[in-house]
Structure formats: C-alpha cells, structure tokens
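Everything on this sheet refers to the single structure shown next.
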Amino acid sequence: MDFYDLILELENEFLDTEKGIFGKKVNTQKCLSLIDALKRAFPSVIKDANYVVANKEEILIEAERKAKQIIKEAETHSNLIIKNSEIMKRAEVAAAEHYENVRQACDDSINKAAAIIYAMFEDMEDYFKNMLEILKQNRDDMINGLKDSNR
C-alpha cells in the first residue's frame, strides 16, 4: 500500500470505532482534521516521489546527459581560455618585438638627426671661418689702403 492508502485506512479505522487502533479513546475530530491536513500536504510530495521512483532510470540518464553536456561546455570554455592565453602570449611577444623595433628606429633617427645637425654646425663653422677670413682681409685691405693714401 502506498502512503495515501494508509491514511485512508487510518481514517476509516477512526470512523468505525471510538477506540481506534491505539486501544484508547481518541479525539476523533482532531485526528480527522490532522488526516485531512496530511492528505492536503503530502499528495504532491508523494506523487513527486512516486514519479522519481518510477522514472529513476530516465532521470539518471537525463542527469548524466546534462552532466556530460556541462563537462563538454566546460572543456570548450577551458580550451578557449587556453587558446586566448596563448594568443595573449604571442601578442605580448609581438608587442615586445615591435616596441624594441620602434625603440631602435627612434634611436637610429636620433643618431641620424644628430649627425645631420653636427654636419650643419661644421658647415656653419667653416662658413663663419671663411667669412671671418674675408672680414680680416677686408679690414687689412682697408688699413693698407688708408696707409697708402696717407703717404
């Protein structure tokens, strides 16, 4: 007998006799009220339990299927994380190489610019030396011209 049938039998026992199954006089109204409450409270739980018992294999198969699906999704997600991690590592290496290349190019540009500026200063120095020589020559020519005209 299932649980519900036992409750019905207990209810009938109380209705048939004042003494009931416990061998003493009981408060029939209170017991009937409790039994009604039990009947209202337990049927869905009992039905659910009966369903679980009756469909145990299907429930276990479905649970196993879901577990495998969750594991597969977790593995896929894990592989994606690993792949992204590898991509990040390659990107970091590439970025470091690019940074080094850019730094070297900047150093080269600075060195080239410094060489050009140095050459410009040398050219300017030569130009100003030449101009100074011309100025000295012009001064000397002027002084010599003045000396010649004073004689």
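Each value in this text was obtained by applying a stated rule to the coordinates, not by laboratory testing. Just so we're clear, the structure is a prediction, and the values are computed from it rather than from any experiment. As a convention, Cβ positions derive from the backbone with ideal geometry for all residues, glycine included, and neighbour counts pool all protein chains shown.
Tabulated values for the structure
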item: Ranking of Cys31, Cys106 by count of other Cβ atoms within 10 Å, fewest first; result: Cys106, Cys31
item: Sum of side-chain charges, Lys129 neighbourhood, beta-carbon under 15 Å (Lys, Arg +1; Asp, Glu -1); result: -4
item: Using θ = phi - 60° and Karplus 6.51 cos²θ - 1.76 cosθ + 1.60, couplings along segment 112-124 (whole Hz; Gly, Pro as x); result: 5, 4, 5, 5, 5, 5, 4, 5, 4, 4, 4, 4, 5
item: Calculated from backbone phi, Karplus (6.51, -1.76, 1.60) coupling profile of segment 127-136 in Hz, x at Gly/Pro; result: 4, 5, 5, 5, 4, 5, 5, 5, 4, 4
item: Ser78 paired with Ala105, simple spin-label distance in nm, labels 7 Å along Cα-to-beta-carbon; result: 4.2
